[in-house]
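Asks: I have a structure I would like to understand better, so I am pasting it below and will then ask my questions one at a time.
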Amino acid sequence: MYHCKECVYLTDRKYNLQRHFHKKHMKNIQNSVYSDNGQNVSPSGQNVSPSGQNVSPSGQNVSFSNFLCSKCNKTYKTYKHLRNHELSCCGVDELTCCKCMTSFTTRSAKSRHIKLNNCKARSIIHARIPNLQNISSIVNNNNINNNNINNINNSVTNNYTVNNFGSERTDYISNEVIYKTLISGMNTLPLYIEMKHFNKDFPENNNIAFTNENKCKVLENNVWKEQDLSTLSSKLIHDNSEVLLVYCEDNELELSNLIKNDELFEHVKDKLVIIYNKADSKKYNEVLSKIKDLVKNNKA
C-alpha cells in the first residue's frame, strides 16, 4: 500500500498516489517555496535546506518538471512532451473554459459547464492572468534554461498569447456568420480571413502583420518570421478555401436548409472550388488582390 506523507490518503497504486500528490499538495508547496522576505520556507514556516532545494512539509525533496509551457505555465518532464503540448495549447490553465474564459475551482465544475455547451466565445484577454510568482519559484529552484524564460517573455503580450499561424481558434465564428460569408460572392474568402486573422476582439489570432511593400511577418513556432506578401496571400487562399469546402461538406444539410436554394448552394461550393484550383485566373487574381490589401491594412 502507498501512503501519502502529507495527509491520510491511502492507495494500492503508485500512480494514484502520484496523481493525488500533484493535485492536492503540489500547488501549496510551490506557493510556499518563498516567504514574503524572499527566504526559502516550508508551509510550516521553517527554512528549507541551505542549498535551496524544494522540500515538502515532511522534509522530503519535491521534484519539479524542467520544461515549462510558455503559454499556460504547465510543466513537463521532457522537451518532446512539451513540444507536443504546445502545438495544441490555447494558453489557458486546466480549470478555465477555452471558449468563454470562465475559470472554475474544480475539474468537475468545468466539465459540467462544457457539457452544457451554451457559453459565448470570448477572447483570451478575459482569462485570468498566469501566476508569474509561481513561475519564478519553479525557474529559480530547477535551473530552467534561459530559452524557456525568454519564450515566456517573448510570446506573451498584454497578458495573452498569440496563436501560431495555422493554430488559430475559430470557435467564435458561428454557423450563422459562416453562412452569411459563404453567400458574399467574391468577398467570401477575404471576409473569412479577416474574421480569422485580423479580428480586433480576438487579438490572440492576430498572427500576421504587414511590414513593407512586399513583405510581412507571420508567427510560426512562437517566432515571427518574414514572408513574401504574394506567397502568404496565395497560401491564405489555398488553406481557407479548403477549410470552407470541408465545412460545406460536413454541414451540407444545415446549409441547404439555410440557403433554401439548391442551385445557389451548388454555386457557393463551385465558387470555392474554382478559387481553390485557380481555374479562373481573373477571379483568382481578384480575390488575391483583396487579400493583399487586407494584409497591408494590418501593419506591424
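The values are calculated or read from the model by the stated rules, or taken from the named source; none is laboratory data. From a predicted model like this one, the values you see are computed outputs, not experimental measurements. Backbone-built Cβ (ideal geometry, glycine too); neighbour counts: all protein chains shown.
Asks: Take region 198-224 and flag every residue that is without any contact (Cβ under 8 Å) to a residue 40 or more places away in the chain and not hydrophobic (A, V, I, L, M, F, W, C).
Replies: The answer is N199, K200, N212, E213, N214, K215.
Asks: Moving on to the next point. Filter region 248-258 down to the residues that are free of Cβ contacts under 8 Å to residues at least 60 places away in the same chain and surrounded by 12 or more Cβ atoms within 10 Å (Cβ to Cβ) and list them by number.
Replies: Within region 248-258, E252, S256 qualify.
Asks: Continuing with the same structure: Please work out which one of (1) surrounded by 12 or more Cβ atoms within 10 Å (Cβ to Cβ); (2) assigned to a loop (DSSP other than H, G, I, E, B); (3) at pLDDT below 50 is the condition S51 fails and give its number.
Replies: (1)
Asks: Could you list all residues from region 186-204 that are among the hydroxyl-bearing types (S, T, Y) and closer than 11 Å to I291 by Cβ?
Replies: Y192
Asks: Got a number for residues in region 185-224 being part of a loop (DSSP other than H, G, I, E, B), at pLDDT 90 or above and not hydrophobic (A, V, I, L, M, F, W, C)?
Replies: Selection size over region 185-224: 7.
Asks: Separate question: Could you list all residues from region 259-298 that are aliphatic (A, V, I, L, M) and surrounded by 17 or more Cβ atoms within 10 Å (Cβ to Cβ)?
Replies: Those that are aliphatic (A, V, I, L, M) and surrounded by 17 or more Cβ atoms within 10 Å (Cβ to Cβ): I259, V268, L272, I275, V287, L288, I291, L294, V295.
Asks: Select, from T181, T161, T157, the only residue that is buried (at least 18 other Cβ atoms within 10 Å of the Cβ), at pLDDT below 90 and among the hydroxyl-bearing types (S, T, Y).
Replies: T161 is the lone residue from the list that is buried (at least 18 other Cβ atoms within 10 Å of the Cβ), at pLDDT below 90 and among the hydroxyl-bearing types (S, T, Y).
So that you can scan it fast, the table gives a plain yes or no per residue for (1) in a helix (DSSP H, G or I); (2) assigned by TED's automatic domain parsing to the domain that holds L189; (3) among the hydrophobic types (A, V, I, L, M, F, W, C); (4) touching a strand residue (DSSP E or B) at 6+ places or on another chain (Cβ under 6 Å):
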site: E226; (1), (2), (3), (4): no, yes, no, yes
site: S233; (1), (2), (3), (4): yes, yes, no, no
site: E242; (1), (2), (3), (4): yes, yes, no, no
site: Y247; (1), (2), (3), (4): yes, yes, no, no
site: N257; (1), (2), (3), (4): yes, yes, no, no
site: V268; (1), (2), (3), (4): yes, yes, yes, no
site: I275; (1), (2), (3), (4): yes, yes, yes, no
site: E286; (1), (2), (3), (4): yes, yes, no, no
site: S289; (1), (2), (3), (4): yes, yes, no, no
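Asks: Select from region 63-106 the residues that are β-branched (V, I, T), buried (at least 16 other Cβ atoms within 10 Å of the Cβ) and more than 14 Å from the chain's Cα centre (by Cα) and write down the one among them that is modelled with the highest pLDDT.
Replies: That would be T102.
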